[in-house]
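Data first, discussion second: the structure below is written as structure tokens.
Where a number appears in this text, it was derived from the coordinates with a stated rule and is not lab data. If you're wondering where the values come from, they're calculated on a predicted model, not measured in any experiment. All Cβ positions, glycine included, derive from the backbone under ideal geometry; neighbour counts span all protein chains shown.
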Amino acid sequence: MNLRTVCKKSDLMSYRILGEGKPVRLFVAGLHGEEWKDTTDILENIEVPKQGTLAVIPLVSRGNYVSTLNKNYFTDIGKPIIEAVEELKPEIYIEIHSYSAENLEKLTDASRLDRIGVPAFSRLDHDVLLGSVAPYIRRKYFPQEALCLTFEIQKGNALSKEYARKIINRMKEFTSRDEFLNCMLERYPKQARKAIEDYKKFYALSDDEL
């Protein structure tokens with residue numbers, strides 16, 4: 001098993017690197033507040049991908065909750081994420097968050113784009129949510145062809161967490177954005193079409209561009 005641990009001397013954070021070669025993936029969890037209680041162990045126990053590299057940051061912060069939609073998050077609490085992105089240049093970037101059940105409708109409401117400037121999450125099985133990462137990190141640190149996603153687990157929902165674990169384990173085997181989209185179109189056609197439309201709107205692409 002190819003496994004090495006990288007500890008950056010510039011901060012107190014470490015990230016594990018599993019496997020080697022292309023593609024390079026970066027998965028992060030425990031980004032703020034108490035989300036680590038629901039998400040960190042998923043990455044602590046993840047296995048080496050069959051192909052390419054997987055870097056994981058299981059725990060970013062146990063501190064105060066600062067939204068990743070606030071660009072100051074990535075210059076403060078989330079700075080180690082940016083350092084990892086700049087060093088590793090991942091083609092696939094995944095954030096794992098958790099949410100309270102009472103916020104489900106708000107997160108999946110179509111008006112979310114008008115309210116806060118980011119698209120609504122798509123609802124998968126067992127109330128796992130799929131969405132985009134914050135526009136700040138997406139635009140500033142990743143090329144257009146990169147795959148950047150957020151998965152949200154419903155707090156206190158064991159089925160939601162277990163299903164998210166299965167999704168994340170599947171995500172570590174994808175080698176490209178297109179491979180992911182093809183799989184989603186087969187399993188979740190409605191949600192996949194929404195993800196594609198959101199992506200086109202984000203980059204102002206025409207129907208024949210992707």
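Which links in K22/K140; K106/K161; K50/K166; K22/K50; K79/K201; K140/K190 stretch past 18 Å when you go from one Cα to the other? Pairs exceeding the cut-off: K22/K140; K106/K161; K79/K201; K140/K190. Looking at the range 34-143, which chymotrypsin sites (Phe, Trp or Tyr not before Pro) are in a loop (DSSP not H, G, I, E or B) and have at most 12 other Cβ atoms within 10 Å? Taking the range 34-143 and a limit of 12 other Cβ atoms within 10 Å, the loop chymotrypsin sites (Phe, Trp or Tyr not before Pro) found are Y65. Take the Kirkwood radius over Cα pairs of the chain, plug it into Stokes-Einstein at 37 °C and 0.692 mPa s, and you get 189 µm²/s for translational diffusion. Across the range 183-191, coupling constants 3J(HN,Hα) worked out from phi with the 6.51/-1.76/1.60 Karplus curve, θ = phi - 60°, read 5, 5, 4, 7, 8, 9, x, 5, 5 Hz, and Gly and Pro carry x.
Given +1 on the Cβ of Lys and Arg, -1 on the Cβ of Asp and Glu, and no further charges, what dipole in debye does the chain carry about its Cα centre, rounded to the nearest 20?
260 debye
Under 5 Å from the amide H of S98 lie the amide H atoms of I153, each residue being 5 or more positions distant or on a separate chain, with H modelled from the backbone and absent for Pro and chain starts. Cβ-to-Cβ counts within 10 Å put I17, I153, I116 in ascending order as I116, I17, I153, the fewest first. Ordered by the count of other Cβ atoms within 10 Å of each Cβ, fewest first, L88, L18, L69 give L69, L88, L18. Checking every one of the GluC sites (Glu not before Pro) in the range 123-210 against DSSP loop status and a limit of 16 other Cβ atoms within 10 Å picks out E145, E173, E209.
For the range 3-175, relative contact order (Cα pairs under 8 Å, six or more residues apart, normalised by length) works out to 22 percent.
DSSP beta bridges fully contained in the chain are about 45 percent antiparallel. Only DSSP H runs of four or more residues enter the estimate; each adds -39500 (n - 2.57), and after division by the residues of the chain the mean residue ellipticity at 222 nm equals -10500 deg cm²/dmol. About the centre of its Cα atoms, the range 74-165 shows a dipole size close to 140 debye [charges on the beta carbon of Lys, Arg (+1) and Asp, Glu (-1) only; nearest 20 debye].
Residue order for L181, L54, fewest other beta carbons within 10 angstrom first, comes to L181, L54.
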